[in-house]
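A short worksheet on the structure shown next.
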Amino acid sequence: MSPVQVLAPLAGTLVGLADVPDPVFAEQLVGAGAAVEPAAGAGRTAVCAPVAGTVVKAHPHAFIVQHESGAAVLVHVGIDTVKLAGEGFERHVDEGAVVAAGDPVVTFDPTAVRGRGLSAVTPVVVLDSAPDSVPGLRTGQDVDAGEPLYAWEG
Amino acid sequence: MASAEEIVSGLGGADNIVEVEGCITRLRTEVRDPSLVDERALRASGAHGVVMAGTIVQVVVGPEADTLADDVQDLL
């Protein structure tokens with residue numbers, strides 16, 4: 001199987017999952033991947049599909065895009081943001097929609113999320129992938145939305 | 001794939017469950033008595049992981065979490 005190229009859904013600093021303040025992500029319990037920390041003071045930010053495929057789950061604060069290879073990529077916008085019950089989040093597509101990589105799925109305000117005492121760091125995880133199956137992450141580097149984040153070999 | 005019955009049993013039974021909510025890949029639950037939670041049984045039933053903090057128990061079950069939370073709710 002050829003690697004699945006996973007794009008950064010938003011601009012920010014690339015962070016390893018181990019540094020995400022949520023043990024479910026940090027311990028890779030849902031899969032391997034990386035996270036993006038939006039810049040301080042970032043305004044309303046579009047969060048885009050990391051791969052082309054079908055939106056199989058679409059919550060205001062998190063969504064899953066299933067790639068044609070079968071890989072399902074979860075984008076979780078901020079940590080514990082389910083508590084905000086969608087406040088400040090705008091969802092642009094419905095479940096079942098077919099999206100291209102880079103299509104906007106959700107818009108949110110990282111600064112407002114931080115203002116509620118929550119982290120805006122956004123894990124991008126290949127669901128059910130083996131721990132540490134995403135090698136060679138350039139953690140600490142800045143990425144733009146739509147730039148390659150990592151390649152998942154499967 | 002864990003069944004709703006196995007989740008309820010692993011969390012110490014219906015009477016021990018205060019609240020259950022699905023969130024994409026995990027069940028967020030609140031229990032009365034955390035000592036009644038059987039982490040090993042939950043993992044054996046197919047949960048990827050169990051994260052406990054006081055009376056809050058998160059059971060990582062994968063993308064079926066929302067459906068499973070509804071099924072668990074029906075048993076309470």
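Does at least one position in segment A:44-57 carry a residue that is at the interface with chain B (Cβ under 10 Å from one of its Cβ atoms), more than 21 Å from residue A:95 (Cβ to Cβ) and not acidic (Asp, Glu)? I'd like the intermediate steps shown before the answer.
First, the residues of segment A:44-57 that are at the interface with chain B (Cβ under 10 Å from one of its Cβ atoms): A:56-57.
From the residues that got through so far, the ones that are more than 21 Å from residue A:95 (Cβ to Cβ) too are none.
No, that holds for no residue.
Scanning segment A:41-60 for residues that are surrounded by fewer than 20 Cβ atoms within 10 Å (Cβ to Cβ), in a strand (DSSP E or B) and in contact (Cβ under 8 Å) with a residue 60 or more places away in the chain returns a single hit, A:46.
Looking across A:63, A:25, one residue alone is in contact with a strand residue (DSSP E or B) (Cβ under 6 Å, 6 or more places away or on another chain), in contact (Cβ under 8 Å) with a residue 24 or more places away in the chain, in a helix (DSSP H, G or I) and surrounded by 18 or more Cβ atoms within 10 Å (Cβ to Cβ). It is A:25.
Restricting attention to segment A:117-154 and to residues that are assigned to a loop (DSSP other than H, G, I, E, B), modelled with pLDDT of 95 or more and aliphatic (A, V, I, L, M), the residue that is surrounded by the most Cβ atoms within 10 Å (Cβ to Cβ) turns out to be A:120.
Does any residue in segment B:9-26 that is at positive phi and within 14 Å of another protein chain (Cβ to nearest Cβ) come within less than 6 Å, Cβ to Cβ, of a residue that is among the small types (Gly, Ala, Ser) and assigned to a strand (DSSP E or B) six or more places away or on a different chain, and which pairs are these? Close Cβ pairs (under 6 Å, with a partner that is among the small types (Gly, Ala, Ser) and assigned to a strand (DSSP E or B)) amount to B:24/A:62. Checked against (1) within 12 Å of chain B (Cβ to nearest Cβ); (2) part of a loop (DSSP other than H, G, I, E, B); (3) more than 16 Å from residue A:119 (Cα to Cα), residue A:69 passes all but a single condition, namely (1).
Flag: residue A:35 does not match the condition of being under 12 Å from the mean Cα position of the chain (by Cα), more than 20 Å from residue A:132 (Cα to Cα), away from every other protein chain (no Cβ under 12 Å) and not in a helix (DSSP H, G or I).
Applying the set (1) of a type outside the set (Val, Ile, Thr); (2) within 14 Å of chain B (Cβ to nearest Cβ); (3) over 10 Å from the mean Cα position of the chain (by Cα) to residue A:76 leaves exactly one unmet item: (3).
The values are calculated or read from the model by the stated rules, or taken from the named source; none is laboratory data. Keep in mind that what you see is a predicted model, and the values were worked out from it rather than measured. For neighbour counting, all protein chains shown are included, and Cβ atoms are generated from backbone atoms with ideal geometry for every residue, glycine included.
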